[in-house]
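Undergrad: Starting off with a structure, shown below.
The values are calculated or read from the model by the stated rules, or taken from the named source; none is laboratory data. What you are looking at is a predicted structure, and each value in this text was computed from that prediction instead of being measured. No Cβ is skipped: glycine too gets one built from the backbone with ideal geometry, and neighbour counts run over all protein chains shown. Areas reflect the complete protein model, heavy atoms only, side chains present, ligands, DNA and RNA absent. Shrake-Rupley method; radii C 1.70, N 1.55, O 1.52, S 1.80 Å.
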Amino acid sequence: MDILNYVFPNDIHAHWTLMIVIYPYITGVVAGAFIVSALAHVFHVKALMPVAKFALIFALSWLLFVTAPLINHLGHPERALNMLFTPNFVGPSMMSGFGYIYMAYSILLIFEILVIYRYELTILKKSAIGVKKVIYCVLTLGTNDESMAGRKRDSKVAFVMAAIGIPLACSLHGYVGFIFGALKSVEWWFTPLMPIIFLLSASVSGIAGMILFYIGIKKMTGKLAEVKTETIKVMIQLLWAFFIFDFLFELIELSVHAYGGTEGWHHVAAALNGPLDWSFWTMQIKLLSIVPFLILMWLSLSKVSRSTLLIIGPIVSFMLLAQVLFMRWNVVIGGQIMAKSERGFAVYHPQFFEKEGILVTIIMLVAPIVTLWILSKIFPLWESECDRELTH
Amino acid sequence: MKIDQNFIDKDRRGFIEKVVKGSIAGSLMLMIPMNSKLFAKVAGDDSKLVSLIDPKDKAKHYAFMVDVTGCIGCGSCCVADRKENSVPQGQYRTWVERYVIDIYNTVYVDSPEGGEKGYSKPRTDIKEKIKDAFFVPKLCNMCEEPSCVQVCPVAATFKSPDGFVLVDNSHCVACGYCVQACPYGVRFINNDTKTADKCTWCYHRISKGKLPACVNACPTGARKFGDLNDPKSEVAKIYNSKTVLKVLKKSLGNEPALFYVGAHEEVI
Amino acid sequence: MFYLRLVLVFAGIVALVLIGRAVLIPKSWGEYGYYRGGYIQEEASRDLVYGTNKSCEKCHEEIYELKAEGTHKRLSCEICHGPVTVHVKDGKKIGDMPVRKGDKQIELCLTCHAKVAGRPEKFPMIEHIKHLEELDVKLTHTCDQCHTVHEPLENMNIIKKMHELRTLKEEVSQ
């Protein structure tokens, strides 16, 4: 295969760049974080209550940047709204459907945040001054209802919205998987398991991100003592559970494909053992899947001390965040490297300073974190007195 | 025998003499401006032709055929295509691949610069004895079930009622989904317009009753274009004959309207 | 109160999308199908760059006829000379057509006629230097010193005819 290496002349370079690698990554973090909040709000998992609100703001901070890499990638970003105004529902195009699902999910998430924070913001508004007061006025839609009846209604509405949000968040990310999984032209993408793998890996990255940032923020603000051991433990177990299925489906996809051994598989195998060898086998599978899997098993099943959880938890979360990023790379770039000529590999070497290069990618991955910091100035991230009043 | 040899030798000299004289006559013909008085009145100005096509006309069933056994790999089609459609350098609406198969059945394929410069030099990197070699021109397959049309999020690429897959470059957002979806690699994001682009079988020429630029340029008639519903057309005659036709990546179910005559199994 | 306003915000977003769609959807959308129908005629009306051999006939009648009956009859004039639209516009000559001479010409002829694996065996091919050597002519010869470019076998056919005549004459005289 390697000596022949012929690719069609239009396919020599991968067309979808790092931008399309981080787009499903960012979407995944959104979907995963939302699942944590839904577990608290809909299924009343008590241990997750302390991070229920944080999960929503965390999801929002990433949600705002879902379209950034996409718009940066478009050849004509000024026409981006064509996706909403002339969506191709005849094809139907999966990508145009994503536009609507993303919009619906954005509205739902923002509305849910407004509902859940309504009472708290109304209280904060009273003591706020200047710009902050204006912001609070806008976010509470100019209302000042402090009654208990109003707060009870809020939690009922929030429950319904979170319940609607679960399938919506799942379809948001399942859809991203569908965008890849439905393309018969690329052997490496064309599998019904793709949406499932994307959804599960999304949950993994979201939960891992939550653990990392929960402990990280508390540590940086010097309030590590406030971190609840039980919350971390439950999140670690949740992470493990999702990762078991995520890794399982990744392996099932791979092994069924390999066992089938079609002509297409030979091309896939050559790529996995060739240009993708390091990023797939070494990083995604060995270092960032098997190792975290074992660590998570240990953390979940045995009695470990609080300090072990607080140190190993963020490390293993970071590893899984990296695993998902490598997985996105191996899917998006890998699929394009397996050229359609079926006789060779395309190339992709991202530059540091180009329009869709490494620097821009880093900026886009850091931007949600900065946004989270800004949002934390407006929305109190953690469970407050008034939340506890309502639940007890 | 000796006499014969002499005769041939003498004849060869005469041959060359005449050739040289003849060639001078030929060259002179080139140097005299041909019918220069006629320059004032040119009847058919090709740039001023008007489209006669009715997009709703479904009576025609256009098909493209490539006779692999006839292609000499001169690259004229690619040159014509680039100029006809202002295709940027390094991007290809059509290209010609060279297949070489050695006695161990190893298939070597190359297409330097899309074959545009013509294959006037043989491949030198093949050590084994060659058992077969041929050229395969590639272009849009104009699928009955086009993947690109299915995936376009803004319906900028579509199939016209008369069967042509076109790209509305004033509506395209250049997301590149069609580039990924096309199994044949014929799509690209045009570096000049920043929109998706691909071969249209020269819809603008067909609409004016002309053949596609590449078909017009092909010196051996290896590229054929016509209406399958017209029994007199060359493509219909081939289509209705015993000739074995091949479409690319048949298993994908795109049902191309681009057929290959004499193409090997190895052609992808 | 809060929820009423929230519903209003939602209604506003929906209205924006609907208004945006109504305003920004291109004219002629849906004329033939779910796409901008006007594009079909726009594309169909795009100007030609290449003509056909007929385009050249009016002015270059003799060459046209010579070529039309010869071995190069399938060859498009514009392959070697470039597209007609850079040469003629509105019935007037606007630019010269390239006529390749010397090495450029040899290169042009060899684009098709060089002996390369992959070309059909029936097609006339040569190994350039070997061809010149075989015919015992200078290696610097350009192709058109023997072959009339518009009908490469013109001279050969004349010679063949003369040779036939001579043989006939000899046979008759014997």
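Undergrad: Among A:114, A:32, A:284, whose Cα sits farthest toward the positive end of the charge dipole of the protein assembly as shown (+1 at Cβ of Lys/Arg, -1 at Cβ of Asp/Glu, about the Cα centre)?
TA: Final value for the positive-end residue is A:114.
Undergrad: What average number of partner chain Cβ atoms lie no more than 10 Å from the Cβ of the residues making up B:205-212? Intermediate results must be reported in sequence, preceding the final value.
TA: Numbers: counts 7, 1, 6, 5, 1, 6, 3, 1.
Across the residues of B:205-212, the mean count of other-chain Cβ atoms within 10 Å is 4.
Undergrad: Just report the Cα centroid separation between the range C:93-143 and the range A:306-337, whole Å.
TA: 61
Undergrad: Please work out the average accessible area per residue across the protein assembly as shown, using the 1.4 Å probe convention, and give it in Å². Before the final figure, lay out each step's value.
TA: Details: 38220 Å² over 834 residues.
Accessible surface, normalised per residue, equals 46 Å².
Undergrad: Let me ask something additional. Can you give me the distance in nm between label points at residue B:124 and residue B:265, each placed 7 Å from the Cα along the Cα-to-Cβ direction?
TA: 3.4
Undergrad: Which of the residues in the range A:85-100 lose at least 40 Å² of accessible area when you go from the chain alone to all protein chains together (probe 1.4 Å)?
TA: A:85, A:86, A:88, A:95
Undergrad: Considering amide H positions built from the backbone, and no H for Pro or chain starts, which residues 5 or more places from residue A:45, or on another chain, come under 5 Å of its amide H?
TA: A:40
Undergrad: Kindly express, to the nearest 10 degrees and within the range 0 to 90, the angle between helix C:2-24's C-alpha long axis and the longest C-alpha principal axis of chain C.
TA: Relative to chain C, helix C:2-24 is tipped by roughly 30 degrees.
Undergrad: Moving to a separate point now. Quick one: accessible surface of residue A:345, probe radius 1.4 Å, all protein chains present, in square angstrom to the nearest 10.
TA: 40
Undergrad: So which residues in the range A:171-194 end up with at least 40 square angstrom less accessible surface once the other protein chains are there, compared with the chain by itself, probe 1.4 angstrom?
TA: A:183, A:184, A:185
Undergrad: Can you pull out the buried accessible area for chains C and A, both sides counted, probe 1.4 Å, rounded to the nearest 100 Å²? Mind dumping the intermediate values first?
TA: Details: alone 14660 and 18350 Å², together 31330 Å².
Buried: approximately 1700 Å² between A and C.
Undergrad: To the nearest 10 degrees, how steeply does helix A:130-139 sit against the main Cα axis of chain A, on a 0 to 90 scale?
TA: With both axes taken from Cα atoms, the answer is about 70 degrees.
Undergrad: Quick one: 3J(HN,Hα) in Hz for the range A:282-294, Karplus 6.51/-1.76/1.60 with θ = phi - 60°, rounded, Gly and Pro as x.
TA: Karplus-based 3J(HN,Hα) across the range A:282-294 equals 5, 7, 4, 8, 6, 6, 9, 10, 5, 4, x, 4, 5 Hz.
Undergrad: What is the angle, in °, between the Cα long axis of helix A:306-337 and the longest principal axis of the Cα atoms in chain A? Nearest 10 is fine, range 0 to 90.
TA: Its long axis makes an angle of about 40 degrees.
Undergrad: So, in nm, how far is label residue B:243 from label residue B:113 when the simple model puts each one 7 Å beyond its Cα toward the Cβ?
TA: Output for this residue pair reads 3.1 nm.
Undergrad: Okay, moving on. For the range B:42-268, what is the charge dipole size about the Cα centre, in debye to the nearest 20, if Lys and Arg each add +1 at the Cβ and Asp and Glu each add -1 at the Cβ?
TA: Details: 30 positive and 27 negative charges, 43 e Å.
The dipole of the range B:42-268 has a size of about 200 debye.
Undergrad: Shifting gears a bit: Along the charge dipole of the protein assembly as shown, Cβ charges K/R +1 and D/E -1, which of A:256, A:51, A:104 sits furthest on the positive end?
TA: A:51
Undergrad: Further, regarding this structure: Output wanted: per-residue J couplings in Hz (rounded whole) for the range A:150-161, from phi through Karplus 6.51 cos²θ - 1.76 cosθ + 1.60, θ = phi - 60°, x for Gly and Pro.
TA: x, 5, 5, 4, 3, 5, 5, 5, 4, 4, 5, 5
Undergrad: With springs only between Cα atoms under 10 Å apart, run a GNM on chain A and tell me which of A:256, A:51, A:42 wobbles the most.
TA: A:256
Undergrad: So, one more: In whole percent, and with a 1.4 Å probe on the protein chains, what portion of the accessible area of the range A:9-391 is carbon and sulfur? Don't skip to the answer; put the middle values down first.
TA: Working: 11190 of 15170 Å².
Accessible surface attributable to carbon and sulfur in the range A:9-391 totals 74 percent.
Undergrad: Of the peptides A:53-65, A:88-100, B:132-144, how do they stack up when ordered by the mean number of other Cβ atoms within 10 Å, highest first? Don't skip to the answer; put the middle values down first.
TA: Values: A:53-65: 24.5, A:88-100: 20.1, B:132-144: 22.5.
In descending order of packing, they fall as A:53-65, B:132-144, A:88-100.
Undergrad: Here's a follow-up. Considering amide H positions built from the backbone, and no H for Pro or chain starts, which residues 5 or more places from residue B:165, or on another chain, come under 5 Å of its amide H?
TA: Under 5 Å from the amide H of residue B:165: B:160.
Undergrad: Got a sec? Which residues in the range C:1-38 would a label at residue A:141 touch, if it sits 7 Å along Cα→Cβ and we count backbone N under 19 Å?
TA: Counting only backbone N, you get C:1-17.
Undergrad: Quick query: amide H of residue C:88 versus all other amide H atoms, modeled in the peptide plane; which residues come in under 5 Å with a sequence gap of 5 or more or a different chain?
TA: C:94
Undergrad: With r as the distance between the Cβ atoms of residue B:69 and residue A:221 and R0 = 51 Å, compute the FRET efficiency 1/(1 + (r/R0)^6) and round to 0.05. Show your work: numbers first, answer last.
TA: Numbers: r = 76 Å, r/R0 = 1.49.
Approximately 0.10, to the nearest 0.05.
Undergrad: In peptide C:100-111, what is the residue-averaged number of other protein chain Cβ atoms found within 10 Å of each Cβ?
TA: Numbers: counts 0, 2, 0, 0, 0, 0, 0, 3, 3, 1, 4, 11.
That average works out to 2.
Undergrad: Oh, and also: Note the buried accessible area between B and A here, summed over both chains, with a 1.4 Å probe, in Å² to the nearest 100. Numbers along the way, then the final one.
TA: Details: alone 16320 and 18350 Å², together 31310 Å².
The summed interface area works out to 3400 Å².
Undergrad: Also: Mind listing the phi-derived Karplus ³J(HN,Hα) values for the range A:70-82, rounded to whole Hz, using 6.51, -1.76 and 1.60 with θ = phi - 60°, and x for any glycine or proline?
TA: Each residue's phi maps through the Karplus curve to give 5, 5, 5, 7, 4, x, 10, x, 5, 9, 4, 5, 3 Hz.
Undergrad: So, one more: Per-residue mean of other chain beta-carbon atoms within 10 angstrom of the beta-carbon, peptide B:79-91? Present the calculation step by step, with values, prior to reporting the outcome.
TA: Details: counts 5, 7, 1, 1, 7, 8, 2, 2, 0, 0, 0, 3, 2.
Average per residue, whole number: 3.
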